[in-house]
Amino acid sequence: MSTTRSTEDRTGRTVGTHEGHGRLGRILSGAAVALGCVLFLGGFAWGALLYQPYAVPTGSMAPTIGAGERVLAQRIDGADVRRGDVVVFNEAEWGDLPMVKRVVGVGGDEVACCTGGRLTVNGEPVDEPYLPSGTPASVAGIPRTTVPEGRLFLLGDERAGSLDSTAHLQEAGQGSVSRDAVVARVDAVAWPMEGMLDRPAGFAALPGGISEPGPLKAVVAAVAGGAVLILGGAAWGPVAGRFGHAARARRTGQARGV
């Protein structure tokens with residue numbers, strides 16, 4: 001009889017401990033799923049608030065952005081635009097659809113091409129590593145042009161096939177567009193998934209410098225982290241339950257054999 005009581009006591013303590021662990025596991029599992037939902041849904045909401053997807057219909061920004069590719073562009077005010085930014089803008093005289101070009105000059109800049117095959121801004125040659133290899137900064141050249149205040153001078157990265165500021169030099173504003181025409185700044189190529197666009201260091205030494213990337217990486221991290229927590233938390237309960245059931249069965253069998 002002494003042995004039986006000892007076995008029952010020992011078995012009771014084991015079962016009670018396991019049930020406690022099971023409750024803790026369920027609590028942690030639920031907390032992980034709840035936190036995951038907050039991150040996942042919050043990340044999507046944050047991204048939708050800050051970013052807008054656009055399809056680029058032409059190859060005028062190749063090789064940076066190819067024809068038919070989709071980009072994610074951060075909604076910004078035109079006052080935040082810096083040289084080197086790839087922007088989405090609406091200019092009625094250029095066309096009815098949103099256009100995507102690179103800013104190479106801002107109000108007050110003198111833009112020209114070419115010196116040694118390179119674009120110059122305020123007399124300083126600018127390195128443009130995003131251009132197709134072996135091509136000059138302009139095929140036909142750009143006469144010295146002063147960008148009016150409050151406006152932007154824009155070029156496509158495929159200089160031979162881009163209808164950009166060089167095609168509108170004889171119009172009012174000398175081919176420039178108003179900062180107010182800008183609706184967003186491209187941060188990444190979303191499809192195919194080529195990732196974040198590099199900020200061109202060639203413009204960094206000019207007044208105002210270059211812009212900082214938007215929070216797209218943080219948005220993606222929040223969504224991905226939330227998905228991992230949801231899946232991990234949801235899977236933990238069944239997995240822990242299966243192992244717990246096996247452990248109880250094993251201990252019960254051992255107790256009966258004593």
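Annotations for the structure displayed:
- Any hit, region 61-83, residues being out of contact with any helix residue (DSSP H, G or I) (no Cβ under 9 Å at 6 or more places or on another chain), under 25 Å from residue 201 (Cβ atoms) and polar (S, T, N, Q): yes
- Inter-residue pairs, beta-carbon under 8 Å, first without any contact (Cβ under 8 Å) to a residue 60 or more places away in the chain and in a loop (DSSP other than H, G, I, E, B) and in region 129-145, second crowded, with 18+ Cβ neighbours inside 10 Å and of a type in the set (Asp, Glu), 6+ apart: 131/157; 137/128
- Test: residue in region 14-30 that is under 19 Å from the mean Cα position of the chain (by Cα) and of a type in the set (D, E, K, R): no
- Inclusion of residue 125 among residues that are loosely packed, with under 15 Cβ neighbours inside 10 Å, modelled with pLDDT of 90 or more, of a type outside the set (Ser, Thr, Tyr) and over 15 Å from residue 175 (Cβ atoms) is not warranted.
- For region 64-87, the set of residues classified as open to solvent by 50 Å² or more (accessible area, probe 1.4 Å), assigned to a loop (DSSP other than H, G, I, E, B) and either more than 22 Å from residue 193 (Cβ to Cβ) or among the basic types (Lys, Arg) (or both) consists of 77, 82, listed by residue number.
- Residue in region 205-225 that is buried (at least 18 other Cβ atoms within 10 Å of the Cβ), modelled with pLDDT under 95, touching a Phe, Trp or Tyr at 6+ places or on another chain (Cβ under 8 Å) and small (Gly, Ala, Ser) present: yes
- Counting the residues of region 146-182 that are surrounded by fewer than 19 Cβ atoms within 10 Å (Cβ to Cβ), part of a loop (DSSP other than H, G, I, E, B) and in contact (Cβ under 8 Å) with a residue 12 or more places away in the chain gives 8.
- Residue check: residue 51 meets all listed conditions (1) open to solvent by 30 Å² or more (accessible area, probe 1.4 Å); (2) of a type in the set (Ser, Thr, Tyr); (3) touching a Leu at 6+ places or on another chain (Cβ under 6 Å) but one, namely (1).
The values are calculated or read from the model by the stated rules, or taken from the named source; none is laboratory data. All values derive from a computational prediction rather than experimental measurement. Please note: Cβ atoms are built from the backbone with ideal geometry, for glycine as well, and neighbour counts cover all protein chains shown. Note: areas computed on protein heavy atoms with side chains; ligands, DNA, RNA excluded. Shrake-Rupley method; radii C 1.70, N 1.55, O 1.52, S 1.80 Å.
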